[in-house]
Amino acid sequence: MKDLQTELQTLREALIEHSYRYYVLDDPSVPDAEYDRLLLRLKQIEADHPELITPDSPTQRVGGVALSSFPTVQHEQPMLSLENAFDDADVHAFNKRICQRLKINEPITYVCEPKIDGVAVSLLYEKGKLIRAATRGDGFVGEDITQNVRTLRSVPLQLRGKDHPEKIEVRGEIYMPITDFNAYNQKAHTLGEKEFVNPRNAAAGSLRQLDPKITAKRPLKLFCYAIGKISEENIFSTHYDMLMQLKAWGFPVNPEIEHVTDIQNCLVYYQEIQHKRETLGYEIDGAVYKVDSLIQQKALGFVTQAPRWAIAHKFPAREEITQVQDIAFQVSRTGALTPVARLAPVFVGGVTVSNASLHNIEEVWRKDIRVGDTVIIRRAGDVIPYLVSVVLDKRPENTKPIAFPKICPVCGAEVIKPDTEIVVRCTGGLFCRAQLKETIKHFAARKAMNIDGLGDKIAEQLIEHNFVKEIPDLYTLQLHQLIGLERMGEKSAQNLIAALETSKQTTLPKFLYALGIREVGEATALNLASHFGQLEKIISASQADLEGVSDIGPVVAQNIAAFFRQVHNCEIIKKLQTLGVWWNEHVVSQTKQILDKKIFVLTGTLSHPREEVKATLQALGAKVSGSVSAKTDYVVAGEDAGSKLTKAQALGITILSEEELKELLGSVTS
Ligand code: D41
């Protein structure tokens, strides 16, 4: 029995230590499987000897029975809220108020914290043990969610060390990491269960479960940022020291928290954390600045419900509510009809949004979006605005589900829905103005024929005026025609004519890409050119021949073969060549050998987008790796190359400048 108790104790300590390393230090000491093994062993012993179970055993996180409602709790110290700042001026005003109140001129030291977008909680510990967890509620009275909070592995059931106070109330934010949130929703979707709108709702919904067994299955985590009631006062002199002590007691404290010397650096922190936002793995909605000195905090005190010594500097909201005014169908280059929600303009994620792509009709039906609906719009980072969901409570009467258009809204041609696809397509081909416009824009794009100055508005007008009915017409455009167009002065008209002239000299891969064959992107175009060398050979290639090209499968091969079987397409190519479009023979064999299976590493700032260089190299058989090792054949070093370059030099690896790379690639990329 003695031995068993020792083993039990060792197992519990090991499990608690692993959790601490994992959640607080972010430095796991053992793989998850090892943790699971230890936990299983502990569960076995406890099952055989229930008398040895203690409430703070790691097996006892999920306990108790489902409740019918949560008891309320009065916070011993009110849980204050934070005042908000929406711009730099608000932040400077905050600092100024502080300096005036404290009657000091020196810069104030602040602690900057990410503002976690989760659920605020209070955790009460007596004699080092978690005895109660509560929601913030209205700041004075919250709900007792102890059973649920105990199920979070990042919440210590027992404080570490011996020097903790008799009684301490710790405050923090419970959140759901983004990948876990997505995985949860995906699973809920396949099971036909309710999905959560965002990670914060997911965290709140999970904590509101009356049965702790359900909460236990939800991937929730904790970050702590404050102390409420504490039995021993005045044991810290700064907020930062207090955070470090919380960490030592076993509480997860956010690793992005920084100590700064003045308000200006709070604003620097704001920019930095905003840049990091997408990589953090959890949602934040701003930064919180707190006066570091606890003496100064005390002197500043509170106004009604918020401390004078802290402020939340919010990011522009990423989610807003607005109304769907219409659902239109946009016609893409390949004729696909994409539903787009026309919205009452709304400021979200730092820009005004008035359209949201709905991807395909099935998404419209799945989300049941109707004209007149109130909807939630999200715009994260530079991502295109996205319609999250409909607020059904606000749906007006007499709305109807959206139906397929039966004809193309642009050209009136019949619309078909191939059985194998979820898209609806216009059958108008290049007779459809929308398809023609997109085709021209694609043809003129930088990666294609690179016709500078031929953007959306110009393409639209060229079609509108019947100047361009098919691609080759671009090369017969006259100066006087262009000068008549909107936003087109004589100078820009001359420039466009010159750009058209310059574009005639191209390369085979660019020309192939410009043709806009379905699913033939830049890399595939380059593969095709490298494999066949000449356009004529590609045109006459059989589907089997095409499937022999690296990275080309049956579907793309079929698209290519079908494209060249269309007499119309071949005529277009001939016309373009007659009008002066030409390229040098595509010499590849030698380069292909040089790069076959060679390992490249790209580093520093390159003058072309890195993805582009990577695609070029890969198309020639090279492998592009992210890190330098003895196996690396070449390192391409752009400006400000750093540690990878140093390492390559140390390993004696061939280092190429961009110029040298170009030489190596010879005519392929010229
Ligand atoms: O990350 C947060 N959401 C966060 C919230 C934070 N980092 N610090 C906070 N500090 C406070 C004070 C200064 C009042 C202790 C907070 C909150 N409060 C807070 N969360 C919800 C309401 C207030």
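In the stretch 598-670, counting only helices (runs of 4 or more DSSP H) that sit wholly within it, the ones holding 1 or more residues that are more than 29 Å from the chain's Cα centre (by Cα) span 643-651, 658-665. Kindly provide the set of residues from the stretch 80-123 that are among the acidic types (D, E) and without any contact (Cβ under 8 Å) to a residue 60 or more places away in the chain, ordered by number. Residues satisfying the conditions are D87, E106.
For V141, the criteria (1) of a type in the set (V, I, T); (2) more than 22 Å from N254 (Cα to Cα); (3) in contact with a Pro (Cβ under 9 Å, 6 or more places away or on another chain) hold in every case but one, which is (3). Are any residues in the stretch 106-135 among the charged types (D, E, K, R), in a loop (DSSP other than H, G, I, E, B) and either within 12 Å of the ligand (Cβ to nearest atom) or under 18 Å from Q305 (Cα atoms) (or both), and if so, which ones? Correct list: D117 only. Scanning the stretch 456-488 for residues that are within 21 Å of T506 (Cα to Cα) and free of Cβ contacts under 8 Å to residues at least 12 places away in the same chain yields a single hit, D473. For D138, indicate whether it is in a loop (DSSP other than H, G, I, E, B), out of contact with any strand residue (DSSP E or B) (no Cβ under 7 Å at 6 or more places or on another chain) and within 16 Å of the ligand (Cβ to nearest atom). Yes, satisfied. Checking each residue in the stretch 369-408 for being touching a Phe, Trp or Tyr at 6+ places or on another chain (Cβ under 8 Å) and exposed (fewer than 15 other Cβ atoms within 10 Å of the Cβ) picks out only P401.
Looking only at residues of the stretch 32-46 that are in contact with a Ser or Thr (Cβ under 9 Å, 6 or more places away or on another chain) and aliphatic (A, V, I, L, M), we find that the one that is surrounded by the fewest Cβ atoms within 10 Å (Cβ to Cβ) is L39. Applying the condition of being small (G, A, S) and in a loop (DSSP other than H, G, I, E, B) to the stretch 285-319 and asking which residue is nearest to the ligand (Cβ to nearest atom) yields G301.
Scanning the stretch 65-93 for residues that are surrounded by fewer than 14 Cβ atoms within 10 Å (Cβ to Cβ) and either more than 16 Å from the ligand (Cβ to nearest atom) or more than 23 Å from A120 (Cα to Cα) (or both) yields a total of 10.
What do you reckon, is K96 more than 16 Å from the ligand (Cβ to nearest atom), at positive phi and modelled with pLDDT of 95 or more? The answer is no for K96.
Here S154 passes the criteria (1) under 24 Å from K314 (Cα atoms); (2) within 16 Å of the ligand (Cβ to nearest atom) except the one numbered (1).
Restricting the first member to the stretch 427-455 and to residues that are more than 19 Å from V410 (Cα to Cα) and outside any loop (DSSP other than H, G, I, E, B), and the second to residues that are among the hydrophobic types (A, V, I, L, M, F, W, C) and at pLDDT 90 or above, the beta-carbon pairs closer than 7 Å and six or more apart or on different chains are F443/M449; F443/I471; F443/A514; A444/I451; A444/L454. Taking the criterion of being exposed (fewer than 14 other Cβ atoms within 10 Å of the Cβ) and either over 16 Å from I145 (Cβ atoms) or of a type in the set (S, T, Y) (or both), the residues of the stretch 216-234 that qualify are S231, E232, E233, N234. Just one of V346, V324 is more than 16 Å from the ligand (Cβ to nearest atom), at pLDDT below 95 and either surrounded by fewer than 19 Cβ atoms within 10 Å (Cβ to Cβ) or assigned to a strand (DSSP E or B) (or both); which is it? Step by step, each of V346, V324 is checked, and only V346 is more than 16 Å from the ligand (Cβ to nearest atom), at pLDDT below 95 and either surrounded by fewer than 19 Cβ atoms within 10 Å (Cβ to Cβ) or assigned to a strand (DSSP E or B) (or both).
The values are calculated or read from the model by the stated rules, or taken from the named source; none is laboratory data. All values reported here derive from a predicted model rather than from experimental measurement. A quick note on method: Cβ atoms are made from the backbone with ideal geometry, for glycine too, and the neighbour counts reach across all protein chains shown.
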